[in-house]
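Working notes, structure below.
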Amino acid sequence: MTSRHRMTPRRRRTRSSRRRSLTALGRGTSPPNRSTCFWGLRTDLEVTGYPTYADLHEYMLAVSGQPALWINAVLEPSSDAAAEMAVSLSHAIYLLHFVRDFPEDLELGRVYLPEEDIGRSGFGRREIEELVEQGSVRRAMRPAVRRQASRINRLLAVSEGW
């Protein structure tokens, strides 16, 4: 085999070395970051909606942004911009999930889309709940979904290359 075809040996990571890496990452993660993540998860027990995108963004930073930063650190980022890219990708995935599960979340008493976006559609939360019950929410939610799609596309553009 010529040197051109020879692969350089990679350090093989064992289960215990991965565990040590994750443990070190957990120790290196400042308590406010862990508490932020847990705060976000706890809000699911109390919060039923997010008035603005800024409010939803704060929630997403906690529940998807912090884990994305931890994953980014484990994967050993190739650039300083990798953290922002990882968080943007996680937010895009979350927003897509919120759009897809809107009727189910609403039945559980939660709305993970900004109420300001829903309001711009000309409907209030109670009217949207009634439309979901009737199975005719698509047309009413189209403008709000378009706004989320635009946000998702912007977030995916930022995350490209991660």
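The values are calculated or read from the model by the stated rules, or taken from the named source; none is laboratory data. It should be emphasised that the depicted structure is a prediction, and the values quoted were computed from it without experimental measurement. Note: ideal-geometry Cβ built from the backbone for every residue, glycine included; neighbour counts use all protein chains shown.
Listing for the model above:
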{"read-out": "Filter result (farther than 18 Å from R146 by Cβ, of a type in the set (A, V, I, L, M, F, W, C) and modelled with pLDDT under 95) within the stretch 86-113", "value": "A86, V87, L106, L108"}
{"read-out": "Failed item, numbered, when I152 is tested on (1) touching a residue at least 60 places away in the same chain (Cβ under 8 Å); (2) β-branched (V, I, T); (3) over 30 Å from N72 (Cα atoms)", "value": "(3)"}
{"read-out": "All positions within the stretch 63-111 that are surrounded by 14 or more Cβ atoms within 10 Å (Cβ to Cβ), among the charged types (D, E, K, R) and either in contact with an Asp or Glu (Cβ under 9 Å, 6 or more places away or on another chain) or farther than 30 Å from V132 by Cα (or both)", "value": "E84, R110"}
{"read-out": "Test: residue in the stretch 51-59 that is in a helix (DSSP H, G or I), buried (at least 18 other Cβ atoms within 10 Å of the Cβ) and touching a Lys or Arg at 6+ places or on another chain (Cβ under 8 Å)", "value": "yes"}
{"read-out": "F123 in contact with a Leu (Cβ under 8 Å, 6 or more places away or on another chain), assigned to a loop (DSSP other than H, G, I, E, B) and surrounded by 14 or more Cβ atoms within 10 Å (Cβ to Cβ)", "value": "yes"}
{"read-out": "Among (1) within 21 Å of V47 (Cα to Cα); (2) of a type outside the set (S, T, N, Q); (3) assigned to a helix (DSSP H, G or I), the one test that Y112 misses", "value": "(3)"}
{"read-out": "Only listed residue being at pLDDT below 90, more than 11 Å from the chain's Cα centre (by Cα) and part of a helix (DSSP H, G or I), chosen from V158, V145, V132", "value": "V132"}
